[in-house]
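One structure below.
Any read-out appearing in this document is the output of simple, stated calculations on the displayed coordinates, not a laboratory observation. Being a predicted model, the structure only gives us computed values, none of them experimental. Neighbour counts run over all protein chains shown; Cβ positions are idealised from the backbone, glycine included.
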Amino acid sequence: MNFAEISGLWTCPLRYSERVALAWQLTWPAVVTDVIWSFTVYVLLEIQSQGAELLYIFPYLLLVAPWLVRRMIRKPYPAFRLKVLRDGFAAEMNYTESFKVMWLLIWRTSILTLGAIFVFSFFLRYLNVQLSSLVPRSQEAPFLNAAGLSILENTLALFLMPFVVPGMFAKRYQGFRVALDRITLSSSAPPTASRKQTRKL
């Protein structure tokens with residue numbers, strides 16, 4: 001990690017609320033797919049093995065998450081647009097590029113999430129509250145346990161991922177980088193409106 005990447009961790013062309021909008025595009029589909037998978041495994045198929053839940057991790061990391069990143073990049077936002085630059089020119093993000101961006105966002109967010117959970121559990125321990133007593137046991141209610149854990153993790157990610165989004169712009173990936181175009185009022189105005197104003201003048 002060079003100096004540009006380190007400084008990029010603290011500077012970002014997006015405001016925090018705009019970074020939350022990006023995180024939302026990744027977290028809400030993750031919750032939906034997690035809940036659907038857990039419902040299928042524990043309710044429809046009535047599988048009690050915890051290993052069945054882990055089987056979803058691999059297709060999620062290899063297929064679902066990279067697709068969500070490409071969807072996030074392509075999505076139009078009110079005040080900005082994301083783009084991929086390859087050799088200085090705008091290009092369509094491919095699978096390998098989306099996987100690299102996904103991996104950066106996931107592992108850095110995971111570190112912050114683990115830190116937040118540690119602080120929260122330490123605080124509960126200070127209050128003499130057992131964290132296990134707040135959630136149902138996996139043996140008794142496996143679906144509720146899995147769905148609740150997914151909601152908790154992705155809720156934390158929704159508010160913590162914006163802190164690692166600047167690294168997505170600062171990172172100089174091999175062969176490409178993620179850039180941003182800020183949309184101004186003048187650039188977003190329709191061309192017909194400007195022509196009419198010119199004619200009136």
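Which order do the peptides 166-173, 88-95 take when ranked by the mean count of other beta-carbon atoms within 10 Å per residue, highest first?
Numbers: 166-173: 18.2, 88-95: 12.6.
Packing proxy ranking, top to bottom: 166-173, 88-95.
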So Ser17 and Ile183, fully extended at 0.36 nm per residue minus their Cα-Cα distance, gain in nm 58.2 nm
Computed from the beta carbon distance with a Förster radius of 35 Å, FRET efficiency for Tyr60 and Phe122 to the nearest 0.05 stands at 0.75
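Given a Förster distance of 22 Å, report the FRET efficiency between Phe159 and Trp103 from their Cβ-Cβ distance, rounded to the nearest 0.05.
Working: r = 21 Å, r/R0 = 0.93.
FRET efficiency, Phe159 to Trp103: 0.60.
Below 8 Å between Cα atoms, with a sequence gap of 6+, how large is the relative contact order for the range 33-113 in percent?
Working: 38 pairs, mean separation 18.3, N = 81.
Taking the mean separation of contacting Cα pairs over the length of the range 33-113, I get 23 percent.
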Counting only backbone N atoms under 20 Å from a point 7 Å out along Cα-to-Cβ of Trp28, the residues of the range 76-103 in range are 76-82
